[in-house]
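What follows is a single structure, written as structure tokens, with notes after it.
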Amino acid sequence: MAWRLIKPILLLLPGPWYRAVRRLLLDLVSRFGYTNSQKRMDRRIVDLFDGKTGGVFIEVGAADGLDQSNTLLLERKFGWSGLLVEPLREPFEHCRRIRRRSIVERYILAAPEDAGSSKIMHRDGLQSAVVNDNENDTPETAETVETTTLDLLLAKHGLRDVDILSLDVEGFEESLLDGYSGENYRIRYLLVEAWDPDRFANYAERRGWRLVEHWGTQDYLYELV
């Protein structure tokens, strides 16, 4: 309710000022347990684990670590920690400053055959997109980002037992998850925004993952083990 009253005033500010003040307010209220996770996904995660403290998460597509984060509440109110992955530099730098309990990495996660290469990304608000190699008109907001696999990041940080992976990668879900073998590192649950739900359901079935629940328009919870 309070945010609906404040937002029209904030929108009068120039873009950079709006973003800075918005982040300041989100940072402040999150310390008291108030967040703006879409469709209250973070609260549903809390309920899924019966209010568990000290858990481990991974959030890919973490943005600035505040706005619409599915893991901020877990970290600040329930003492969780984990791995946050954001490919674009400005939100990555902000995320690294404010999410001090967690590891923050700047990569594009991809299939094993693409690991170690670089891809071009551009930002549009909270969303980002990979630019095709054959595109002639590269956006001015484009950045070159190194790729790696989820398995390699899990190994790098010794994350052998992860409670939940939250995934928002704008249609690249399958190629990213091809980089997770599940052999040496265990992720219990996957919360995924699936851009093509039917296609992803077929992919998950091939991987032997079980659909637990449909949480939103394109948001699905799977059990991986």
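Just checking, does the range 110-127 include any residue being surrounded by 23 or more Cβ atoms within 10 Å (Cβ to Cβ), without any contact (Cβ under 8 Å) to a residue 60 or more places away in the chain and not in a strand (DSSP E or B)? No, because not a single residue in the range 110-127 is surrounded by 23 or more Cβ atoms within 10 Å (Cβ to Cβ), without any contact (Cβ under 8 Å) to a residue 60 or more places away in the chain and not in a strand (DSSP E or B).
Scanning the range 216-225 for residues that are at pLDDT 95 or above and outside any strand (DSSP E or B) returns a single hit, 224. Of the numbered criteria (1) more than 22 Å from residue 39 (Cβ to Cβ); (2) free of Cβ contacts under 8 Å to residues at least 12 places away in the same chain, the one residue 214 fails is (1).
The residue of the range 22-52 that is nearest to residue 7 (Cα to Cα), among those that are among the charged types (D, E, K, R) and not in a helix (DSSP H, G or I), is 31. Filtered by the rule that a residue be among the acidic types (Asp, Glu) and either surrounded by 14 or more Cβ atoms within 10 Å (Cβ to Cβ) or not in a helix (DSSP H, G or I) (or both), the range 151-208 gives 151, 161, 163, 168, 170, 173, 174, 178, 183, 193, 196. Within the range 80-98, residues that are surrounded by fewer than 23 Cβ atoms within 10 Å (Cβ to Cβ) have Cβ atoms under 8 Å from residues that are in a helix (DSSP H, G or I) in these pairs: 81/75; 94/23; 98/27, counting only partners at least 6 apart in sequence or on another chain.
The values are calculated or read from the model by the stated rules, or taken from the named source; none is laboratory data. These figures come from a predicted structure and were not determined experimentally. Don't worry about glycine lacking a Cβ; one is built from the backbone with ideal geometry, like all the others, and counts go over all protein chains shown.
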